[in-house]
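The values are calculated or read from the model by the stated rules, or taken from the named source; none is laboratory data. These numbers were taken from a predicted model, which means no experiment stands behind them. For neighbour counting, all protein chains shown are included, and Cβ atoms are generated from backbone atoms with ideal geometry for every residue, glycine included. These area figures cover heavy atoms from the full protein model, side chains too; ligands, DNA and RNA do not enter into them. Shrake-Rupley method; radii C 1.70, N 1.55, O 1.52, S 1.80 Å.
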Amino acid sequence: MAYTSSLHLPKHLLLPNPRRTRHRPSSSVSFVPAAKASGVNGHAPEKQPPPQPNGKPRINGVNGKKGVNGVNGNKGVNGHVNGHADRIHLSVSTGGGGGQDGSGLRVAFQGAPGAYSEFAAKTALPGCDTVPCRAFADALAAVERGGADRAILPVESTMEGTALRNYDLLLRHDLVVAQEINLFVHYCLLAMPGVRAAEVRRVISHPMALAHCGRALARLGVDREPVEDTAGAVEMLRSNRMLDTAAIASPRAADLYGLDVLAHGLQDESWNVTRFLLLSRPHEAPVALPAYADAKTSMVVAHRGGSMAVLLKVLSAFSSRNINLTKLEVINNEGDGGGPDAAGAGAGARPPVMILDTSARGAPTLRAFPHVLYVDCAGAASDPRVREAIQEIEKFAVFVRVLGCYAADSTIYDLQ
């Protein structure tokens, strides 16, 4: 039997906040008649997206617009409540090389130009140059061989959890997390100029995008065809001048490829946020975190048995030192985990997680583990409390690897 469970603990849920209220935004699809569309390529005028479930403003400014957190040199604040006192700080970016806005850095992403991953990279590092790659593994390999300075990976979303399993891909490579960014994913239905929604017979996009928009597509009564990525669908639509086909992608992709937007907010759930991680080579010295920046440390803890006991010990190591966890994901597999092929795993069982042991003598070695915990904690790895917690975990865990220490950024950016 194999199972995965994930527990995400945002800081505002861990620390008392009497002002926090619950709010669930409504989900709606807005179809835009071609004759009445305003803005560029049928885009409706910008409006404020729905607030977060905690009642606070959800979207922050990007590329010169004001927001709760400053971006690209603009001022902004993000207040966290700790007891009864607000602590104000600015969100920052970390990572070695390049200017503060990422100028001079090459960021590899999966997909064609216009993909959500590319927009996430440009939002995190506005001055960077992006490098399209066919697969996520190709983006990581580009960094390892020096063809790029960073790779950006989507690792989890509010709709799919960690279904992408890109954390597992990260563990196979000798890269570290340098930065995180949360992106509000706004799906649009795009078509060739002049095509109306009633003329569309087929919709193409990434399989996950098609799944996220299932109810809207069912109402349209169209066929669905999966392709490699959202921007690739738009590229295919444009290059082949498909007049009976539409693509699901971002509003930015419509501008980039000169397409019309037939519908805004196509996603089934209006609160659709994806978390991305930017990865770099470990030998690149990261910029020191300013004293006013919140730090986050990501790690993986592997073991071979007694998963519940190990989980409780990990929780105790952090709670006894008053360290908040912002992510805790537990992966268990009853296979023996003795090798890459997991011959002892039962039918239908999840294969063991392969982790590159960079501390091994000689060349780094891939090791298989049936039980793995992904942990994100508040604080820098150099913080004495965090360092002591890691040292305590190393005493009972088979293997511990710190995946990175970087500035925590709870801001959610919008591309609409």
Expected single match for open to solvent by 10 Å² or more (accessible area, probe 1.4 Å) and either part of a strand (DSSP E or B) or modelled with pLDDT under 95 (or both) among Ala302, Ala293 is Ala293
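Quick one: which of Glu156, Glu118, Glu160 is closer than 24 Å to Asn272 by Cβ, touching a helix residue (DSSP H, G or I) at 6+ places or on another chain (Cβ under 7 Å) and not aromatic (Phe, Trp, Tyr)? Lay out the reasoning, then the answer.
On the way: Glu156 fails: touching a helix residue (DSSP H, G or I) at 6+ places or on another chain (Cβ under 7 Å); Glu118 fails: touching a helix residue (DSSP H, G or I) at 6+ places or on another chain (Cβ under 7 Å).
Being closer than 24 Å to Asn272 by Cβ, touching a helix residue (DSSP H, G or I) at 6+ places or on another chain (Cβ under 7 Å) and not aromatic (Phe, Trp, Tyr) holds for just one of Glu156, Glu118, Glu160, which is Glu160.
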Before we move on, is Ala120 modelled with pLDDT of 85 or more and outside any helix (DSSP H, G or I)? no
Scan of the stretch 201-221 for residues that are open to solvent by 20 Å² or more (accessible area, probe 1.4 Å) and more than 30 Å from Leu125 (Cα to Cα), ordered by number: Arg201, Arg202, Arg215, Ala218, Arg219, Leu220, Gly221
Please verify whether Ala198 is open to solvent by less than 10 Å² (accessible area, probe 1.4 Å), at pLDDT below 95 and part of a helix (DSSP H, G or I), treating the condition exactly as stated. no
I need every pair where a residue in the stretch 131-148 that is part of a strand (DSSP E or B) has its Cβ under 8 Å from the Cβ of a residue that is of a type in the set (D, E, K, R) and surrounded by 15 or more Cβ atoms within 10 Å (Cβ to Cβ), sequence separation at least 6 or different chains. Val131/Arg106; Pro132/Glu118
Pairs needed: first member in the stretch 388-416, within 26 Å of Phe184 (Cβ to Cβ); second member anywhere, charged (D, E, K, R) and open to solvent by less than 10 Å² (accessible area, probe 1.4 Å); C-beta distance under 7 Å; at least 6 residues apart or different chains. Tyr406/Glu180; Asp409/Glu180; Ile412/Arg58
Residue tally, condition farther than 30 Å from Ala360 by Cα and open to solvent by less than 10 Å² (accessible area, probe 1.4 Å), over the stretch 172-183: 2
With respect to Ser239, determine if the residue is of a type in the set (Ser, Thr, Tyr) and within 24 Å of the chain's Cα centre (by Cα). no
Expected output for the stretch 280-302 (first residue farther than 18 Å from Val143 by Cα, partner open to solvent by 60 Å² or more (accessible area, probe 1.4 Å) and at pLDDT below 80, Cβ below 7 Å, 6+ apart or cross-chain) is Tyr292/Leu90
Against the condition open to solvent by 40 Å² or more (accessible area, probe 1.4 Å) and of a type outside the set (Gly, Ala, Ser), how does Met308 come out, does it pass? yes
Inside the stretch 212-231, can you point out the residues that are at pLDDT below 90 and hydrophobic (A, V, I, L, M, F, W, C)? none
Of all residues making up the stretch 267-289, the number that are part of a loop (DSSP other than H, G, I, E, B), small (Gly, Ala, Ser) and either modelled with pLDDT of 90 or more or over 30 Å from Glu144 (Cα atoms) (or both): 1
State which residue is surrounded by the fewest Cβ atoms within 10 Å (Cβ to Cβ) when the search covers only the stretch 228-266 and only residues that are assigned to a strand (DSSP E or B) and touching a Gly at 6+ places or on another chain (Cβ under 6 Å). Asp260
